[in-house]
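Accompanying notes for the structure given below.
The values are calculated or read from the model by the stated rules, or taken from the named source; none is laboratory data. Everything quoted here is computed from the prediction, not taken from an experiment. With ideal geometry, Cβ positions are generated from the backbone for all residues, glycine too; neighbour counts draw on all protein chains shown.
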Amino acid sequence: MAELGVATELDTHEDGSALWRADPVSGNWTDETTINLSPVIIAVYGATSTNDDLELFIDRHGKAALAPAVTATINYLQGETTRRGVADILGVPAVEAIAVTQAIERIIAVVKESDPMLDDVSFEVDTHQRALKQAPYQRADE
């Protein structure tokens, strides 16, 4: 991201980790399938090393399963399905779908305002403030 000029390492550190500021980016990546890259997708994949639920999900289902989990979580937040419905969509046990959607939901809540692909999307489900405090990212303006 830094090489592309869309992320800058800040001079500030928190808990021994460097803090970064990133500009919103979006686009398509096509190989065997097409993935819409957006700040939410990038943030979710970026959090896999710091979030146990995301890391376990990838260990069990592979990195490719994470993008559909993001889409299914957005569907959940829009009120189109339940967390257990996400399990059916992804073909995973309900407990795993619940854990991964909760982890992804926290990230979406923080990053949504910076994601041009979610500009016209409204959510029916609110993310509780306690959950936001557990998110791997925080808004710089708060």
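Which residues, counting only those in the stretch 48-57, are crowded, with 20+ Cβ neighbours inside 10 Å and either farther than 16 Å from Thr71 by Cα or β-branched (Val, Ile, Thr) (or both)? Give the derivation first.
The initial filter retains those residues of the stretch 48-57 that are crowded, with 20+ Cβ neighbours inside 10 Å, namely 51, 54, 57.
Within the stretch 48-57, just Asn51 meets the criteria.
Please determine, by comparing only the residues of the stretch 91-142 that are outside any loop (DSSP other than H, G, I, E, B), over 15 Å from the mean Cα position of the chain (by Cα) and farther than 17 Å from Ala47 by Cβ, which one is modelled with the lowest pLDDT.
For the stretch 91-142, the residue satisfying everything is Arg130.
Across the stretch 73-88, which residue is farthest from Thr127 (Cα to Cα) among those that are modelled with pLDDT of 95 or more and aliphatic (A, V, I, L, M)?
Ala87
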